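Below is one structure, written out as structure tokens, with a few remarks after it.
The values are calculated or read from the model by the stated rules, or taken from the named source; none is laboratory data. If you're wondering where the values come from, they're calculated on a predicted model, not measured in any experiment. Ideal geometry is used to build each Cβ from the backbone, glycine not excepted, and the neighbour counts take in all protein chains shown.
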Amino acid sequence: MKVISVRRNARLALVAFLVCAGFPVLFAQTSTQRSPVAPSREQVQAVVDQAYEKFKSDTGGKNADYIPALAQVDSKLFGVVAISTDGQIVSDGDIDHAFSIQSISKVFSLALAMNELGPDAVFAKIGSEPTGRPFNSVDAVVDMPSHTGNAFVNAGAIATVSLISAPSADAKWQMILDFYSKAAGENLTLLEDVYKSEAATNTGNRALAALLLKYERIYADPLESVDVYTKQCSVGVTAKQLAVMGATLANDGINPITHERVIKSENVPEILSTMMMAGLYDGSGGWAWHVGLPAKSGVGGGIIAVFPGKGAIAVFAPPLDEAGNSVKAQKTINYVAEQLGINLFSPRSVGLK
């Protein structure tokens, strides 16, 4: 536990360094403390508009079809939203169309479990190691010492849901939905058609839960845990709501619109580190290499990327690559990050010339 604590303190120190060293904000803050290297709101809007125009006609990828309801979503929908930690918003495209959050939900269920139990307990019961396998891999459950891998593969996500304490499955589901709504700053709802479609086709997840039970790595009724997990993936969000959720992480766990604390400050570094390592399925390493920002994708077509301490960007576009990540969203966020000079691994990103 001491090693884990030291690592967490080191990550906290890194975040503090990035903030204090002049890491360029998403755009200039409205407060009197402005970074000399921060782009203006107008500059960020221009970059977002450029990205939207550049990629709106991209026809790469295809909708997820293993969940029938997702195959029916209009593949031409495309929305981009960036939000700073002081609540400034820039956007373009279809930002108010509700789509299913899918695996991006895993970030916020992890945050809820950590709020309840603390990071050390969640790390001990779930882990945070990339599996090197597909997100629904049975082999990973069998082969990995933790069996759960991390909170962003399906086995780890189902186990994370099982950790959240509630008197009943219905109460747990409501707790999760309320938590997501606080992060989004608006009341979110279940997309019933997506839930019914997923529930009818989630035999693989039920098998994963049964396997976790064998290894004593699930902490509530397995089938109930799968059902709650299926519901959380079927929550409807807009690109704007998703950007607020990302900006809540960027803002040290405080929603930048409502100013309500949602996530405990001490848990944010661990959540962001897991997003960097495992946030884009089998494309996580390439994302870290090319973009260098904590992010999470979902097969509903959304991706959030977080600029710690500064802001977040959310993009919605349903067609996916083979790994399950939105093609347009990846290209858009990469373009915006390059144009604004934001990459956590680049010395230039802390204001060095």
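Quick notes on this structure:
- Taken over the range 63-98, the residue count meeting the criterion of being not in a loop (DSSP other than H, G, I, E, B) and not charged (D, E, K, R) is 14.
- Matching entry among Leu242, Leu223 (being touching a helix residue (DSSP H, G or I) at 6+ places or on another chain (Cβ under 9 Å) and closer than 14 Å to Ile104 by Cβ): Leu242
- Each residue in the range 52-74 was checked for being in contact with a Pro (Cβ under 7 Å, 6 or more places away or on another chain) and either over 24 Å from Ser91 (Cβ atoms) or among the charged types (D, E, K, R) (or both), and 1 of them qualify.
- Yes/no for Phe99 being under 15 Å from the mean Cα position of the chain (by Cα) and aromatic (Phe, Trp, Tyr): yes
- Criterion (in contact with a Phe, Trp or Tyr (Cβ under 9 Å, 6 or more places away or on another chain) and either among the acidic types (Asp, Glu) or surrounded by fewer than 18 Cβ atoms within 10 Å (Cβ to Cβ) (or both)) met by exactly one of Asp96, Asp92: Asp92
- Scanning the range 217-235 for residues that are assigned to a loop (DSSP other than H, G, I, E, B) and touching a residue at least 60 places away in the same chain (Cβ under 8 Å) yields Arg217, Ile218, Tyr219, Ser234.
- Residue ranges of helices (runs of 4 or more DSSP H) in the range 236-348 with at least 1 members at pLDDT 95 or above and within 15 Å of Gly79 (Cβ to Cβ): 239-250, 327-340
- Given (1) charged (D, E, K, R); (2) at pLDDT 95 or above; (3) farther than 18 Å from Ser284 by Cα; (4) part of a helix (DSSP H, G or I), index of the condition Glu186 fails: (4)
- Residue within the range 118-127 that is basic (Lys, Arg) and more than 21 Å from Glu224 (Cβ to Cβ) present: no
- Among the residues of the range 189-216, the one identified as modelled with pLDDT of 95 or more, crowded, with 17+ Cβ neighbours inside 10 Å and outside any helix (DSSP H, G or I) is Leu191.
- In the range 30-78, the residue that is modelled with the lowest pLDDT out of those that are among the small types (Gly, Ala, Ser) and farther than 25 Å from Gln102 by Cβ is Ser31.
- Answer from Asp74, Asp65 - the residue that is charged (D, E, K, R), surrounded by fewer than 23 Cβ atoms within 10 Å (Cβ to Cβ) and touching a residue at least 40 places away in the same chain (Cβ under 8 Å): Asp74
- The listed residues are Gly311, Gly292, Gly283, Gly246, and the only one of them that is out of contact with any Phe, Trp or Tyr (no Cβ under 7 Å at 6 or more places or on another chain) and over 23 Å from Ala98 (Cα atoms) turns out to be Gly283.
- Only one of the listed residues (Leu188, Leu177, Leu211) is more than 23 Å from the chain's Cα centre (by Cα) and either farther than 28 Å from Asp96 by Cα or among the aliphatic types (A, V, I, L, M) (or both). That residue is Leu211.
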